[in-house]
Every structure is written in structure tokens, then in C-alpha cells.
1. If I57 satisfies every condition in (1) modelled with pLDDT under 95; (2) under 19 Å from E91 (Cβ atoms) but one, which is the exception?
2. Considering only residues of segment 110-153 that are assigned to a loop (DSSP other than H, G, I, E, B) and at pLDDT below 95, which is nearest to L225 (Cα to Cα)?
3. Please state which one of V46, V27, V7 is assigned to a helix (DSSP H, G or I) and within 25 Å of G175 (Cβ to Cβ).
4. Looking only at segment 152-198, count every residue that is of a type outside the set (A, V, I, L, M, F, W, C), buried (at least 17 other Cβ atoms within 10 Å of the Cβ) and more than 19 Å from G8 (Cβ to Cβ) and tell me the total.
5. Residues that are over 27 Å from L215 (Cβ atoms), of a type outside the set (S, T, N, Q) and more than 17 Å from the chain's Cα centre (by Cα): does segment 31-43 have at least one?
6. G208 versus (1) in contact with a Ser or Thr (Cβ under 8 Å, 6 or more places away or on another chain); (2) within 19 Å of R105 (Cβ to Cβ); (3) surrounded by 18 or more Cβ atoms within 10 Å (Cβ to Cβ): which is the lone unmet condition?
7. Would segment 213-220 turn up any residue that is surrounded by fewer than 16 Cβ atoms within 10 Å (Cβ to Cβ), hydroxyl-bearing (S, T, Y) and free of Cβ contacts under 8 Å to residues at least 60 places away in the same chain?
8. Of the residues E83, E103, E91, which single one is at pLDDT below 95 and either farther than 24 Å from R18 by Cα or over 19 Å from the mean Cα position of the chain (by Cα) (or both)?
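The values are calculated or read from the model by the stated rules, or taken from the named source; none is laboratory data. Keep in mind it's a predicted model, so treat the numbers as computed, not measured. Positions of Cβ are backbone-derived with ideal geometry, glycine not excepted, and every protein chain shown enters the neighbour counts.
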Amino acid sequence: MSARVTVGVSLKMYFGHREAREWFARVAELAARHPAVSSGDVEFFVIPTYLQIARAIEAFHGTPTIIGAQDAAAEDSGAFTGEVSPAELAEIGVGVVEIGHAERRRLFGDTDAVVRAKTHAALRNGLRPVLCIGEQQRDEPSGAAARTVAQLADALEGAPAGPLIVAYEPVWAIGAAEPAPVEHIRTVTLALRDAVTDRPGSFVIYGGSAGPGLLTEMGDAVDGLFLGRFAHDPVSLETVLDEAAVLAIERAEGLGT
């Protein structure tokens, strides 16, 4: 286990171009001055829309912030109208790519086979997948753990080597008033962490109505958070980064580093 804590933000399609540029400016200033982000103790990534990626790369230049994409094609090039190549994303400086989000699966037909192909494509192009997995219906924790570990194994079957970020997002908690119960998350994330020990540099983070206070409650059972609407407010985002910094210190002390 690494001492580093990971915090990511997906903007989905909430911001127009002007709104995104204003948010980038405020959050880039936060990333530049936040000691845990600037030191690398907290890894921070931002995933805007495709049209906002170039602006984000420009805005966060000079900070350690990683810019990501919300999806990528399963193929690197060819006659695939409307798709976005993972090879081109890597070429322009994208570092992570979100794959398998519940909305992609539900609204756009991303089957397990499609998620597997996109995961492979990301890894072979040097992109870290932010692989979103989670059970559809609320289940008891051990059952949820078994289902999500099976999803992870399926997505990585035959995949190229490379680290990834596993984002545990129980579908029933996405957009809910509160995240899943802490003990439920803990059981699942610890099982997922065990399942990626053969991929050094991989992390397991939680998403699904995640916000301020959750990292403190979770402690060492999770490697970070994947934020949505709570991060629209930079003040709330800073609170989460502060909590991540404290957790990173505690993990470092526990590892004796």
C-alpha cells in the first residue's frame, strides 16, 4: 500500500465552456498552493468534457494536476466516426481515462465486453484507466464485494500491464443524498485492493455521492475519493483535499516513511 491519497473530479457535462474555464482558474490556483497536492502526497486529477481538455491542460500547467477524459474508444484509429482515440488523448497530454461509468453502461450500451476492450485500449496507450465498477442493486457487503471483484477481473482479463485507478461506485448510491454506508464501502474497497495487488501503482477510490467528511470516516480502507457535484464548489473541494492530506500523513506514519 502506498501512502499517497488520490482525489479525482469528473465534471460530466455540467459546465459550459465559460463556466469550465472559470472553475479551472479557481481550482488550478488551489492545486498550486495546496501543500499536499504540490508535494505529491495527494494525487489530484480532473476530468472535463472533451472540448474542455485542451483548456484544462493549459489552465493546470505548472501544477501536478492530471487531466483526464470521460471515455475513449476501444480502437486507436480508423473509420470510427464520432469516437475519440485513446492514442490521441495520450498524445495531447491526457493521463487518465474514465471507463465503464454507470451512465455509459446504462445510457450508451457499454457492455462488459466494451468496458474490457476500452480498458485494454487505455492501458496499451499508457493511459491509466479510472475503471468504474459497482453493483446495480443494494446488496449486503460481502455480496457486493464478490460482484465488484468479478467485474474487475472481467475488465482486466488479458489486459496489458500497467496501473489503474479502480473507482468503486455502487450504482444505487450515484446521485443519492448520501454515500453508501461506511462499513459497506470498507468491505468492498478492501476486497478490490486485494484484487489489484498484482498491478503496482494501482489505487482503489470511492465515488457515489462522495463529499467532505467521508475520507475521515473511511480512514485507511480506501485510497481516495472520486468526486462529482460536491467538487463544483472549490471550497468543498479544498476541504476534501485537506482531509486527503491528513490521511496521507497517517498512512505514511503507518508505513514508517
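1. (1)
2. Selected residue: G134.
3. V27
4. Final tally of qualifying residues: 3.
5. So far as segment 31-43 goes, no, none of its residues is over 27 Å from L215 (Cβ atoms), of a type outside the set (S, T, N, Q) and more than 17 Å from the chain's Cα centre (by Cα).
6. Status for G208: all satisfied but (1).
7. yes
8. Residue meeting the stated conditions: E103.
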